[in-house]
Amino acid sequence: PAAAVDRILAPSSLAHLGRLRLNVRRAFGARPGNTPVRNLVQPSGLELERHKAYDQGDELRFLDWNAYARLDQLLVRQFRAERETPVHILLDGSASMDVPERDGKFAFAVGLALALAYVGVRHHNPVRIALIRARASGALVSPTVRFPARMPLLAEFCAGLRCGEGGGFDEGVAEYGQSLPHAGFAVLLSDFLAEPAD
């Protein structure tokens, strides 16, 4: 994983990743952020979503006086809400990710996780990477990172990851999901090798 981390953190790789953006439609948090959310309005912002008729008690500072001059109606501007999108990147830490060793599945998954984390962090979304291990071991979770300057924390976490414990990826994912304080966008990185019944 350390070599994969170094490849992702190379300036040329970061320049390519800096042009990407996660396109998320529904998984947004409650905190203000940089991800526009359709059909969710707030009283102020950058992008006008719609107008609504003035009701008693509405803030006068949000009245659209240009609309009043043209239409002789009191209309209140409402802006498109922008929220942060929590990103959870779940890595399979089961033994199958290390077999056969020459394939380098686990190292590739770690590099991909760090690349996706960078894309999320570039737009100030909180990102966590979790190594999902056997149920008894629990998940190994990185600190939550919101800003590109904190990427070295994720890089250090990823460089030290190891796989090889038993299965239980599906149970580990369910357990991780139940432990979350609020919803978000999740990415599963796995070879999905499991018993047919699972």
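The table below gives the values:
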{"read-out": "Length added when fully stretched, residue 15-residue 55, from 0.36 nm per residue minus Cα-Cα", "value": "9.5 nm"}
{"read-out": "Anisotropy class of the range 94-149 from Cα gyration tensor, a/c 1.5 cut", "value": "oblate"}
{"read-out": "Counted charge near residue 139, where neighbours are those whose Cβ lies closer than 9 Å (Asp, Glu -1; Lys, Arg +1)", "value": "0"}
{"read-out": "With all protein chains modelled, accessible area of residue 49 [1.4 Å, Å²]", "value": "50"}
{"read-out": "Cα→Cβ-extended label distance, 7 Å offset, between residue 63 and residue 171, nm", "value": "6.4"}
{"read-out": "Mean separation of Cα contacts under 8 Å (6+ apart) over length of the range 48-198, as relative contact order %", "value": "27"}
{"read-out": "Beta bridge orientation in the range 89-198: antiparallel %, DSSP, nearest 5", "value": "25"}
{"read-out": "Approximate spin-label separation residue 149-residue 7, in nm, with each point projected 7 Å along Cα-to-Cβ", "value": "3.1"}
{"read-out": "For residue 185, residues with placed amide H under 5 Å, excluding near neighbours", "value": "87, 88"}
{"read-out": "Ordering of 55-65, 69-79, 91-101 by burial proxy (mean other Cβ atoms within 10 Å per residue, highest first)", "value": "91-101, 69-79, 55-65"}
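The values are calculated or read from the model by the stated rules, or taken from the named source; none is laboratory data. Keep in mind it's a predicted model, so treat the numbers as computed, not measured. Ideal geometry is used to build each Cβ from the backbone, glycine not excepted, and the neighbour counts take in all protein chains shown. Keep in mind that these areas ignore ligands, DNA and RNA; they rest on the heavy atoms of the full protein, side chains included. Shrake-Rupley method; radii C 1.70, N 1.55, O 1.52, S 1.80 Å.
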